[in-house]
Each structure stands twice: as C-alpha cells, then as structure tokens.
C-alpha cells in the first residue's frame, strides 16, 4: 500500500486539485474565490501527507522557521492577488487582439499557459544563479534548512515579482483571459507544494518529466555549484536543453545538507531576510562536495 501511495501521490495531487480548479472556474455562476478554499485543502493534504509519508522526518520539525515562512507566504500570495487584480488592465494595454486561442477548452488554454510560464520562470531561475544581483535576491529562497511544502512560497518579494514579470509578460501580450490566469496562479501554487514537499514520493518515470521534490531537492543542496541543477518550475525540459538536469536517484539529500554552504551566517528572521540582499556579503568556506556527487 505504501508503495502505491508514494508512486501515485504527486500525479493524483496535481491532477486532482487542478481538475477541481478547472471545474470551479469553468462552471457557470461559480466564484473564482473557491480556488482559495481548494488551495487551502491542498495545503492541508500536503501537510498531512508529509507526516504520514515523510522523506526526512527531521524536516517535519519546526526549526524556528514556522512563523517566518508563514509571513513569506502571506506577503507573496498577497502580491500574487494584487497582480491578478491589475491583470485585465495590463492585457487591455499590452495585448494583441486575437492571438490567444480563446476557442480552446479551458484545460487546453491552461496547458498552453503553463508551458509558456514554465519557460519564462525556469530560464529566469537559471539566470538568477549566474547574475550576482539576482542571486542576492534569490538566495533568500535557498537559505532554508529543511524542505517542506511551505518552502515554495518562501521568496524575496522582489525576486518573485521578477520571475512573475518574465513568466507572465508573453501571456499578457497574447491576451490571456482572467480565468486562465487565475488557474495558472493556482497551478503554480500546487506545483510549488509538490516541488518542496517532504513526502517520500517515488513517481517513477514521471520524475523524468515533472520537476517534483525528488528532482528539486538536489537543487537545494548546500554544495555550491553542485546545486546549479534542476531549475525547472513545472517540467525538466529546459534543464535537459541547458545541460543542467540531474536525475532524482543521483544522490539522497538529507538533514544538514540544505542551505547556502558559504553563507552559514545567513539571517533567519523575516525582516532580516528582506534586507539581506542590500547588505555586504560575508562568505565562509564552501563545504566539501560529497564523493557520490563528484562521480
């Protein structure tokens, strides 16, 4: 039974909640506000699954980061909500009429939006590891000492706005409808839960396609350039094209192997993390890369 649960968890979680979201947004007379309730249900399922099927039991323990992560999530989700409110105005101002395939079924439009956003966000993520000023903003996300569902929402708001601008600008130019944009934001939130989940998921061949936790954990290891792998938001396609894909079975990340190896002093408080990108950096020695990763 456990084997089936670990195998099916990720595809059933993403597919099931996306299907609910599409049914709500596509249903006549249904308020898109129901997406918030569905996401809260997804968050609850994520937390329960992490406790029932943990990958690393120690990551389920609060390490003094709980309220900080809640603050990051609330601020960043509020920014997302504000962006969605002004989206119709941006589409009216910047889009070219007739480019968006509005005759497609809602699920088809969502898949197109996911594909376009995945390209923009994944490539911005890649560049953020190679351009110093972008890394200083992105480093907040990499400072985590454990991985669990909430980590996906832990970002410096300036870096989140940068990723969103690159990911959504092509969609705005194409004239993405409001309902599809709502579903895309919902889909990204679900995917971030799966990417940073502490569930011991073993999706098999799907790990070659989707950037879920077994793949993304390798991106968060503290061993410097060794972590410059698996940048994808939804899919592993761009990593394969960039040569940065690392298979999920290549190494097993555990407690004590996360974070920024040469920044042992990285602040852990919310306000301090917002200010950190604008302060002088003080580097320490890089931890030694494990032998298994050097092979």
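The values are calculated or read from the model by the stated rules, or taken from the named source; none is laboratory data. Since we're looking at a predicted model, the values are computed, not measured. Glycine also receives a Cβ, built like all others from the backbone with ideal geometry; neighbour counts cover every protein chain displayed.
Mind counting the residues in segment 60-87 that are surrounded by 16 or more Cβ atoms within 10 Å (Cβ to Cβ) and over 19 Å from the mean Cα position of the chain (by Cα)?
Summing the residues that are surrounded by 16 or more Cβ atoms within 10 Å (Cβ to Cβ) and over 19 Å from the mean Cα position of the chain (by Cα) in segment 60-87 gives 1.
Quick one: which residue in 105, 54 is more than 17 Å from the chain's Cα centre (by Cα), modelled with pLDDT of 95 or more and surrounded by fewer than 13 Cβ atoms within 10 Å (Cβ to Cβ)?
On the way: 54 fails: surrounded by fewer than 13 Cβ atoms within 10 Å (Cβ to Cβ).
It is 105.
So the check is Cβ under 6 Å with 6+ separation or different chains; which pairs have a first residue in segment 272-295 that's free of Cβ contacts under 8 Å to residues at least 60 places away in the same chain and a second one that's surrounded by 10 or more Cβ atoms within 10 Å (Cβ to Cβ)?
Pairs that qualify, where the first residue is free of Cβ contacts under 8 Å to residues at least 60 places away in the same chain and the partner is surrounded by 10 or more Cβ atoms within 10 Å (Cβ to Cβ), are 283/262; 284/262; 284/264; 292/251.
Filter segment 248-266 down to residues that are in a loop (DSSP other than H, G, I, E, B) and touching a helix residue (DSSP H, G or I) at 6+ places or on another chain (Cβ under 6 Å), then give me how many there are. Steps first, please.
Step one: filter segment 248-266 for residues in a loop (DSSP other than H, G, I, E, B), giving 251-257, 259-266.
Okay, now just the ones that are also touching a helix residue (DSSP H, G or I) at 6+ places or on another chain (Cβ under 6 Å), so 251, 253, 255, 260-261.
Residues that pass the stated criteria total 5.
Touching a strand residue (DSSP E or B) at 6+ places or on another chain (Cβ under 6 Å), surrounded by 20 or more Cβ atoms within 10 Å (Cβ to Cβ) and either in a helix (DSSP H, G or I) or in contact (Cβ under 8 Å) with a residue 12 or more places away in the chain (or both) - does that describe any residue in segment 118-136? Before you say what the answer is, go through the steps one by one.
Narrowing segment 118-136 to residues touching a strand residue (DSSP E or B) at 6+ places or on another chain (Cβ under 6 Å): 118.
Among the residues that remain, those that are also surrounded by 20 or more Cβ atoms within 10 Å (Cβ to Cβ) are: 118.
Filter again for either in a helix (DSSP H, G or I) or in contact (Cβ under 8 Å) with a residue 12 or more places away in the chain (or both), leaving 118.
Yes, because at least one residue in segment 118-136 is touching a strand residue (DSSP E or B) at 6+ places or on another chain (Cβ under 6 Å), surrounded by 20 or more Cβ atoms within 10 Å (Cβ to Cβ) and either in a helix (DSSP H, G or I) or in contact (Cβ under 8 Å) with a residue 12 or more places away in the chain (or both).
Out of all the residues in segment 25-38, is one or more touching a residue at least 60 places away in the same chain (Cβ under 8 Å) and touching a strand residue (DSSP E or B) at 6+ places or on another chain (Cβ under 9 Å)?
no
Would you check if residue 242 is surrounded by fewer than 18 Cβ atoms within 10 Å (Cβ to Cβ) and either more than 15 Å from residue 139 (Cβ to Cβ) or touching a strand residue (DSSP E or B) at 6+ places or on another chain (Cβ under 7 Å) (or both)?
Working: surrounded by fewer than 18 Cβ atoms within 10 Å (Cβ to Cβ): yes; either more than 15 Å from residue 139 (Cβ to Cβ) or touching a strand residue (DSSP E or B) at 6+ places or on another chain (Cβ under 7 Å) (or both): yes.
Answer is yes for this residue.
Just checking, how many residues over segment 181-212 are surrounded by fewer than 24 Cβ atoms within 10 Å (Cβ to Cβ), under 21 Å from residue 126 (Cα atoms) and touching a strand residue (DSSP E or B) at 6+ places or on another chain (Cβ under 7 Å)?
Matching residues across segment 181-212 total 2.
Identify all residues within segment 200-233 that are at pLDDT below 95 and at positive phi; write none if there are none.
Answer for segment 200-233, where residues must be at pLDDT below 95 and at positive phi: 204, 224.
For segment 282-295, what are the residues that are exposed (fewer than 14 other Cβ atoms within 10 Å of the Cβ) and under 27 Å from residue 68 (Cβ atoms)?
If the condition is that a residue be exposed (fewer than 14 other Cβ atoms within 10 Å of the Cβ) and under 27 Å from residue 68 (Cβ atoms), then 282, 283, 284, 285 are the ones that fit.
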